[in-house]
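K.L.:
Here's a structure for you.
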Amino acid sequence: RLTALLLGVNALGTVYGFWWYRDQLALTPVLAWPVVPDSPTATLLFTLFLAFFLRGRPPQPLAASAYLASIKYGLWTPAVMAGYWLAAGTADFESVHLTLSHLGMALEALVFMRVCPVSPAWALAAASWLLFNDYMDYGRGLHPFLPWPGLEAYAGGVAVGLSLASLALAVAWPSWLG
């Protein structure tokens with residue numbers, strides 16, 4: 001039941017996330033859309049993962065992509081929001097909501113990685129996509145709209161660091177827990 005509830009929550013979060021990106025997507029060429037809505041893409045992958053999980057063992061490429069993206073963007077948003085709070089001196093409802101919901105993304109990925117681990121090869125493939133996405137976001141200027149001017153370098157550094165950290169976690173996490 002809890003997995004089915006998580007599937008529903010992730011599906012709703014995915015819809016909200018794509019809606020949240022509506023203004024940025026309207027300004028972005030359609031061919032670049034796959035690399036723009038980072039968090040909604042992560043929750044979409046996790047929703048698909050959960051649907052497969054409820055029916056048996058999810059495909060490794062999907063599980064690896066869902067885990068790594070959920071960890072990365074589940075931690076990236078709180079890190080960027082913390083930078084925003086320090087710069088702006090204020091935490092509004094939306095930034096707190098985004099922070100808490102994104103932390104949930106990372107937590108659920110860590111829980112399911114223990115139950116359904118992925119091979120290092122698929123984790124590396126998923127991390128390659130995340131690093132390509134980092135290049136598109138910060139090398140080509142397609143990063144999410146940021147809440148405060150001047151956060152680009154910080155947000156980009158956090159993104160790359162979390163891409164690599166999520167890979168390390170996906171490979172090591174199951175063995176850490178025994």
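The values are calculated or read from the model by the stated rules, or taken from the named source; none is laboratory data. Please read these numbers as outputs of a predicted model, since none were measured by experiment. Every residue, glycine as well, gets a Cβ built from its backbone with ideal geometry; the counts of neighbours run over all protein chains shown. Ligands, DNA and RNA are stripped out before the accessible areas are found, and what is left, the full protein with its side chains, is counted by its heavy atoms. Shrake-Rupley method; radii C 1.70, N 1.55, O 1.52, S 1.80 Å.
K.L.:
When you scan the stretch 21-43, how many residues do you find that are hydrophobic (A, V, I, L, M, F, W, C), over 17 Å from Met113 (Cα atoms) and open to solvent by less than 80 Å² (accessible area, probe 1.4 Å)?
P.N.:
Residues that pass the stated criteria total 4.
For (1) assigned to a helix (DSSP H, G or I); (2) without any contact (Cβ under 8 Å) to a residue 60 or more places away in the chain, each residue gets a yes or a no:
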residue	(1), (2)
Leu7	yes, yes
Ala11	yes, yes
Tyr16	yes, yes
Gln24	yes, no
Thr28	no, no
Leu31	yes, yes
Pro34	yes, yes
Thr41	yes, yes
Leu45	yes, yes
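K.L.:
I need the full set of residues from the stretch 74-98 which are open to solvent by less than 10 Å² (accessible area, probe 1.4 Å) and in contact (Cβ under 8 Å) with a residue 40 or more places away in the chain, in order please.
P.N.:
If the condition is that a residue be open to solvent by less than 10 Å² (accessible area, probe 1.4 Å) and in contact (Cβ under 8 Å) with a residue 40 or more places away in the chain, then Val80, Ser95 are the ones that fit.
K.L.:
Right, something else. On the basis of being surrounded by fewer than 21 Cβ atoms within 10 Å (Cβ to Cβ) and either under 16 Å from the mean Cα position of the chain (by Cα) or not acidic (Asp, Glu) (or both), does Ala127 make the cut?
P.N.:
Spelling it out, it is not the case that Ala127 is surrounded by fewer than 21 Cβ atoms within 10 Å (Cβ to Cβ) and either under 16 Å from the mean Cα position of the chain (by Cα) or not acidic (Asp, Glu) (or both).
K.L.:
For the stretch 106-125, check the following and say yes or no: at least one residue is in a helix (DSSP H, G or I), within 23 Å of Asn10 (Cα to Cα), among the aromatic types (Phe, Trp, Tyr) and touching a helix residue (DSSP H, G or I) at 6+ places or on another chain (Cβ under 6 Å).
P.N.:
The answer is yes, given that some residue of the stretch 106-125 is in a helix (DSSP H, G or I), within 23 Å of Asn10 (Cα to Cα), among the aromatic types (Phe, Trp, Tyr) and touching a helix residue (DSSP H, G or I) at 6+ places or on another chain (Cβ under 6 Å).
K.L.:
May I pose another question? Of these, Leu162, Leu167, which one is touching a Lys or Arg at 6+ places or on another chain (Cβ under 8 Å) and either more than 21 Å from Phe53 (Cβ to Cβ) or of a type in the set (Val, Ile, Thr) (or both)?
P.N.:
The match here is Leu162.
K.L.:
Now for a different question. Sort through Pro117, Pro147 and tell me the only one that's farther than 28 Å from Val171 by Cα, out of contact with any strand residue (DSSP E or B) (no Cβ under 9 Å at 6 or more places or on another chain) and surrounded by 15 or more Cβ atoms within 10 Å (Cβ to Cβ).
P.N.:
Pro147 is the lone residue from the list that is farther than 28 Å from Val171 by Cα, out of contact with any strand residue (DSSP E or B) (no Cβ under 9 Å at 6 or more places or on another chain) and surrounded by 15 or more Cβ atoms within 10 Å (Cβ to Cβ).
K.L.:
Same structure, new question: More than 18 Å from Thr41 (Cβ to Cβ), outside any loop (DSSP other than H, G, I, E, B) and in contact with a Gly (Cβ under 7 Å, 6 or more places away or on another chain): which single residue out of Tyr138, Tyr84, Tyr154 fits that description?
P.N.:
Tyr154
Residue-by-condition table, conditions (1) free of Cβ contacts under 8 Å to residues at least 40 places away in the same chain; (2) in contact with a Leu (Cβ under 6 Å, 6 or more places away or on another chain); (3) farther than 17 Å from Leu75 by Cβ; (4) polar (S, T, N, Q):
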residue: Ala109; (1), (2), (3), (4): no, no, no, no
residue: Arg114; (1), (2), (3), (4): no, yes, yes, no
residue: Asn133; (1), (2), (3), (4): no, no, no, yes
residue: Gly141; (1), (2), (3), (4): yes, no, yes, no
residue: Leu146; (1), (2), (3), (4): no, no, no, no
residue: Pro149; (1), (2), (3), (4): yes, no, yes, no
residue: Leu164; (1), (2), (3), (4): yes, no, no, no
residue: Leu167; (1), (2), (3), (4): no, no, no, no
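K.L.:
Cβ contacts < 8 Å: first residue touching a residue at least 24 places away in the same chain (Cβ under 8 Å) and assigned to a helix (DSSP H, G or I), restricted to the stretch 51-62; second residue open to solvent by 40 Å² or more (accessible area, probe 1.4 Å) and basic (Lys, Arg), any location; separation 6+ or different chain. Result?
P.N.:
Here the result reads none, with nothing in the stretch 51-62 linked to a residue that is open to solvent by 40 Å² or more (accessible area, probe 1.4 Å) and basic (Lys, Arg).
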